[in-house]
Amino acid sequence: MSTASKIRGLRKAHKLSQTELAKLVHVSQATVTSWETGRADPSSSALDTLATFFNVSADYLLDREAKAEQSKNDVDLKDDPVVLSYGGKPISDEDMDVIKAILARHNNN
């Protein structure tokens, strides 16, 4: 997935307009449009701001993680913290407990 698609997808997942995102990262709406259409790439400082705001890595936005993961045979994420969200909002602790219980049952079968 391209940087443009990732920025657009993250913006939409957070239910933000291009204008709202532009204000949050201190650029113009036209700049956000250029990023999302692939006509321009974010500067390093804008990329850092976007990554921080969306709680993702700059490598994710630049699609470097996907390329690195393609070279791995097996990925063990059991010790990595995972933040799940639905509709742009974090899943509650109670819902996370239910998800963990379902996964534990599934893994035991």
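Observations on the model:
- Computed E for Ile99/Val56 - FRET, C-beta separation, R0 30 angstrom, nearest 0.05: 0.90
- Residue list for the range 1-16, given a label point 7 angstrom along the Cα-to-Cβ vector of Lys89 and an amide N cut-off under 16 Å: 13-16
- With both labels modelled 7 Å from their Cα along Cα-to-Cβ, the Lys12 to Asp41 distance reads 2.4 nm.
- Taking amide hydrogens as placed 1.01 Å from N in the peptide plane, the amide H of Ile91 sits under 5 Å from those of Leu84, Ser85, Tyr86, each at least 5 positions away in sequence or on another chain.
- Over the range 1-61 - Rg/Rh using Cα atoms and the Kirkwood inverse-distance radius: 0.89
Bear in mind that the values in this text are calculations on the coordinates, not laboratory data. From a predicted model like this one, the values you see are computed outputs, not experimental measurements. Methodologically, a virtual Cβ is constructed for each residue, glycine included, from the backbone with ideal geometry; neighbour enumeration extends over all protein chains shown.
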